[in-house]
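Values quoted throughout were computed directly from the atomic coordinates according to the rules given, and no laboratory measurement underlies them. All values derive from a computational prediction rather than experimental measurement. Counting neighbours? That spans all protein chains shown, and the Cβs are built from the backbone with ideal geometry, glycine included.
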Amino acid sequence: MEVKKSEEVLAEVHRNCQLAIQSIADILPETEDGELREELMRQHEEYERLCGRAAILARDKNIELKDPGPIKKAMMWSSIKMSTMTDDSRAHIADMMVRGTVMGITSLKTTLGEMSDDEADEDIKALANELMQSEERFERIWKSMIA
């Protein structure tokens, strides 16, 4: 198993936040439900805050972060548009958000699990854990909207 370095963990945090921000921005125009829109906006703000912290850490530690490429963004956009075209209900949008959040949690857990403890930057590790806790909280919120 390859050991992840702190730089790779920070890159994963940044990528995770960027994909979540993009997904929410793509879903918002398809959402008419007021409560759902409020939750999407609240989560968008949280991802923006965490992404900003990742950018500051990267600057302070001289780490270059890359945004997801345009092809990845276009694929996400088209997937979201196609999915909401056939069903824009609260439960369906919440289910889409659960799936995205679970992918983010899985990715973060995998990356953190592969991180070398002796090389771990505590600030980066703390930010990754904070993002994971936020995503776990978001997952619970979305699941409550499906039922």
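Only Cα pairs under 8 Å and at least 6 apart count here; give the relative contact order of segment 6-146 as a rounded whole percent. Don't skip to the end; give the middle numbers.
Working: 123 pairs, mean separation 54.7, N = 141.
This gives 39 percent for segment 6-146.
Under 19 Å from a point 7 Å along the Cα-to-Cβ line of Ala147: which residues of segment 84-111 have their amide N that close?
The answer is 90-99, 102, whose backbone nitrogens lie closer than 19 Å to the label point.
Within 12 Å, Cβ to Cβ, of Arg137, how many net charges do the neighbouring residues add up to if Lys/Arg are +1 and Asp/Glu are -1?
Working: positive: Arg42, Arg140, Lys143; negative: Glu39, Glu46, Glu130, Glu135, Glu136, Glu139.
Here the charged neighbours net out to -3.
What net charge do the residues around Ala20 carry, taking every other residue with its C-beta under 15 Å from that of Ala20, with Lys and Arg at +1 and Asp and Glu at -1? Before the final figure, lay out the partial values.
Details: positive: Arg15, Arg42, Arg49, Arg53, Lys72, Lys73, Arg99, Arg137; negative: Glu12, Asp26, Glu39, Glu45, Glu46, Glu48, Asp67, Glu130, Glu135, Glu136, Glu139.
With Lys, Arg at +1 and Asp, Glu at -1, the net is -3.
Sort 41-49, 65-73 by packing, meaning the average of other beta carbons within 10 Å per residue, with the highest value first. Mind showing how you got there, number by number?
Values: 41-49: 16.1, 65-73: 12.3.
The most tightly packed comes first, giving 41-49, 65-73.
Determine ³J(HN,Hα), in whole Hz, for all residues of segment 93-98 in sequence, where each value follows from phi through the Karplus function 6.51 cos²θ - 1.76 cosθ + 1.60 and θ = phi - 60°; x replaces Gly and Pro.
In residue order, the calculated couplings are 5, 4, 5, 4, 5, 4 Hz.
Could you please report the charge total around Ile80, scoring K, R as +1 and D, E as -1 over all other residues with beta-carbon less than 9 angstrom from its beta-carbon?
Details: positive: Lys81; negative: Asp26, Glu30.
Overall, the nearby charge balance is -1.
Over the alpha carbons of the chain, what is the largest minus smallest coordinate on each principal axis, giving the biggest first in Å?
Projected onto the principal axes, the Cα atoms of the chain cover 48, 30, 28 Å.
Using +1 on the beta carbon of Lys and Arg, -1 on that of Asp and Glu, and nothing else charged, what's the dipole of the chain about the Cα centre, debye to 20? Could you put the intermediate results ahead of the total?
Values: 20 positive and 31 negative charges, 60 e Å.
Dipole about the Cα centre, nearest 20: 280 debye.
Read phi for every residue in segment 57-62 and hand back ³J(HN,Hα) as whole Hz from Karplus 6.51 cos²θ - 1.76 cosθ + 1.60, θ = phi - 60°, with x for Gly and Pro.
These are the phi-based 3J(HN,Hα) values: 4, 4, 4, 5, 9, 6 Hz.
Keeping to pairs on different chains or 8 or more places apart, tell me how many lysine pairs in the chain have Cα atoms under 14 Å apart.
On the way: Lys4/Lys109; Lys4/Lys125; Lys5/Lys61; Lys5/Lys125; Lys61/Lys125; Lys73/Lys81; Lys109/Lys125.
Number of lysine pairs found: 7.
List residues of segment 36-51, by number, whose backbone nitrogen lies under 15 Å from a label position 7 Å along Cα→C-beta of Glu130.
Counting backbone N atoms under 15 Å from the label point, the list is 45-51.
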